[in-house]
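Asker: Handing you a structure now.
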Number of protein chains: 2
Amino acid sequence: MMPLAPAAPTSLVDQAIEGMRALLATGEWTLGTRIPPEPQLAADLGVSRNTVREAVKALAHVGVLEVRRGDGTYVAATTEVQALMRRQAERVEIEHLLEVRHAIEVRAAALAAGRRTRADLAALDAIAARRLAALDAGDGAGFVDADVDFHVAVVAAAHNPLLSELYDGLVETLRASIDDPTKGYPAMLPEHDAVLEAIRRGDADGAAAAGAELLDHVTR
Amino acid sequence: MMPLAPAAPTSLVDQAIEGMRALLATGEWTLGTRIPPEPQLAADLGVSRNTVREAVKALAHVGVLEVRRGDGTYVAATTEVQALMRRQAERVEIEHLLEVRHAIEVRAAALAAGRRTRADLAALDAIAARRLAALDAGDGAGFVDADVDFHVAVVAAAHNPLLSELYDGLVETLRASIDDPTKGYPAMLPEHDAVLEAIRRGDADGAAAAGAELLDHVTR
């Protein structure tokens, strides 16, 4: 590793950035919330208003915060990975993003088979039930929501925060790639059930295979 | 997507950042090079020196540039994904990073089987030969270098720029996870050959399976 040799003024800004990252990481600042005004932040973080201003600018440049003139500053992403993946999603080919999604999701399904807790399974079961109920009710928007939640919950059940962060950054792409079955598209119920059942029985290879099959349907 | 509503001063800085990102993307600024001094950058990008200074600060905060007082500003990463993955590598558990590596590498091997060009295969053959020669010569450092190059070249052969960026950011972790066989660790020659041969014959499933087997050895 190269030594980073932080100079005095930079390091105060970096401290302020670290402080804000901690507020985001602990869930104190959630997605979409307006952050406190400069004077309060300066007091909370123990730095000058100028330092706060530069830290906010830096986090705004990377897409974590969003400054709305005449209104306030809002949380646009809770991590830089999320902000970055979202920004990439606007730049790179959709095909390449889906391949990254495939990579993450298949590995996550295998890991989830070995690590899922009883709470993970309960959450997945509840989401699968919601997904089916939306389909029965002809509720296309509800179906797409439940489908997104299902995929996010599979990755969450892998209990790898970096995988989850990378994946969460792809959620908008994921949502756009899901078809509303009330318009005649297949709901792929058996494919989703196969992933869930392999995770339930702790079958890593089966979960990876079922996940890959599901993704191959999406990208075909 | 939320509207980003860029205000006037921010948008000039963002333009300068975009300009520098383009210099990095085109290879004009390579890793480790010193970037031109402020006045020249201001002229090149058509903005004020203050704007250049703020843009440099923003890219330094995300780890793309590194400001060395009394010396100059250097390229510390050629993309934000790379800088971010490298920063994450210092923060998250090594186990979680290896799982992300596994996810990317296995999928990349499968994609490479379908997309590798003649040039990709020539590069992989040359690297495999270097790897073997270093082993025969008892050159541990040369072996580790060739091993890193092999894995990076497999991902490159998938021809997915986002996968490559994410993976390139993990190279330091990758290097640290490779054992020097002159110290008695296994060189895993058959495992590496199996990945290369499956890619050569265009066998996506075989490449993924061989890649997974190789990674399972590493993480065991």
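The values are calculated or read from the model by the stated rules, or taken from the named source; none is laboratory data. Please read these numbers as outputs of a predicted model, since none were measured by experiment. Cβ sites come from the backbone with ideal geometry, for glycine too, and all protein chains shown count toward neighbours.
Asker: Return the only residue of B:Ala119, B:Ala110, B:Ala77 being on the phi < 0 side of the Ramachandran plot and without any contact (Cβ under 8 Å) to a residue 60 or more places away in the chain.
Answerer: Of B:Ala119, B:Ala110, B:Ala77, the one residue that is on the phi < 0 side of the Ramachandran plot and without any contact (Cβ under 8 Å) to a residue 60 or more places away in the chain is B:Ala119.
Asker: Six or more apart or on different chains, Cβ atoms under 8 Å: show the pairs whose first residue is in region A:180-201 and closer than 20 Å to A:Gly142 by Cβ and whose second is not in a helix (DSSP H, G or I).
Answerer: If the second residue must be not in a helix (DSSP H, G or I), the pairs left are A:Pro181/A:Ala187; A:Thr182/A:Gly138; A:Thr182/A:Asp139; A:Tyr185/A:Asp179; A:Pro186/A:Asp179.
Asker: Counting only residues that are part of a helix (DSSP H, G or I) and within 14 Å of chain B (Cβ to nearest Cβ), which one in region A:152-162 is farthest from A:Arg118 (Cα to Cα)?
Answerer: A:Leu162
Asker: Ok, one more. Just need a number here: residues in region A:60-91 that are buried (at least 17 other Cβ atoms within 10 Å of the Cβ) and part of a loop (DSSP other than H, G, I, E, B).
Answerer: So the count comes out to 7.
Asker: Mind listing whichever residues of region B:32-65 are within 30 Å of A:Gln82 (Cα to Cα), more than 14 Å from chain A (Cβ to nearest Cβ) and of a type in the set (Asp, Glu)?
Answerer: none
Asker: Given the condition touching a residue at least 24 places away in the same chain (Cβ under 8 Å) and closer than 30 Å to A:Ala207 by Cα, answer yes or no: does some residue in region A:20-34 qualify?
Answerer: Yes, because at least one residue in region A:20-34 is touching a residue at least 24 places away in the same chain (Cβ under 8 Å) and closer than 30 Å to A:Ala207 by Cα.
Asker: List the number of the failed condition for B:Arg115; all other conditions in (1) surrounded by 19 or more Cβ atoms within 10 Å (Cβ to Cβ); (2) in contact with a His (Cβ under 7 Å, 6 or more places away or on another chain); (3) assigned by TED's automatic domain parsing to the domain that holds B:Ala194 hold.
Answerer: With respect to (1) surrounded by 19 or more Cβ atoms within 10 Å (Cβ to Cβ); (2) in contact with a His (Cβ under 7 Å, 6 or more places away or on another chain); (3) assigned by TED's automatic domain parsing to the domain that holds B:Ala194, B:Arg115 is out only on (1).
Asker: What number of residues in region B:95-129 are more than 14 Å from chain A (Cβ to nearest Cβ) and of a type in the set (D, E, K, R)?
Answerer: Looking only at region B:95-129, we keep the residues that are more than 14 Å from chain A (Cβ to nearest Cβ), and these are B:116-129.
Cutting the leftovers down to of a type in the set (D, E, K, R) gives us B:116, B:118, B:120, B:125.
Residues flagged as more than 14 Å from chain A (Cβ to nearest Cβ) and of a type in the set (D, E, K, R) within region B:95-129 amount to 4.
Asker: In the list B:Arg115, B:Arg107, which residue meets the criterion of being of a type in the set (Lys, Arg) and closer than 23 Å to A:Asp205 by Cβ? Break it down into steps so the answer makes sense when it comes.
Answerer: Details: B:Arg115 fails: closer than 23 Å to A:Asp205 by Cβ.
Of the residues listed, the single one that is of a type in the set (Lys, Arg) and closer than 23 Å to A:Asp205 by Cβ is B:Arg107.
Asker: Determine whether region A:202-209 contains at least one residue that is over 20 Å from A:Asp125 (Cα atoms), surrounded by fewer than 16 Cβ atoms within 10 Å (Cβ to Cβ) and touching a residue at least 24 places away in the same chain (Cβ under 8 Å).
Answerer: Within region A:202-209 (the criterion being over 20 Å from A:Asp125 (Cα atoms), surrounded by fewer than 16 Cβ atoms within 10 Å (Cβ to Cβ) and touching a residue at least 24 places away in the same chain (Cβ under 8 Å)), the answer is yes, since at least one residue qualifies.
Asker: Might you check whether a residue that is assigned to a helix (DSSP H, G or I), within 12 Å of chain A (Cβ to nearest Cβ) and closer than 30 Å to B:Thr79 by Cβ occurs anywhere in region B:183-200?
Answerer: Within region B:183-200, none of the residues are assigned to a helix (DSSP H, G or I), within 12 Å of chain A (Cβ to nearest Cβ) and closer than 30 Å to B:Thr79 by Cβ.
Asker: When you go through (1) crowded, with 24+ Cβ neighbours inside 10 Å; (2) closer than 14 Å to A:Leu215 by Cβ one by one for A:Leu98, which number turns out not to apply?
Answerer: That leaves (1) as the condition not met.
Asker: Find the residue count for region B:155-183, including only residues that are surrounded by 19 or more Cβ atoms within 10 Å (Cβ to Cβ), within 19 Å of B:Asp125 (Cβ to Cβ) and more than 12 Å from the chain's Cα centre (by Cα).
Answerer: Final tally of qualifying residues: 2.
Asker: Select, from A:Glu172, A:Glu95, A:Glu165, A:Glu105, the only residue that is in a helix (DSSP H, G or I) and in contact with a Leu (Cβ under 7 Å, 6 or more places away or on another chain).
Answerer: Residue meeting the stated conditions: A:Glu105.
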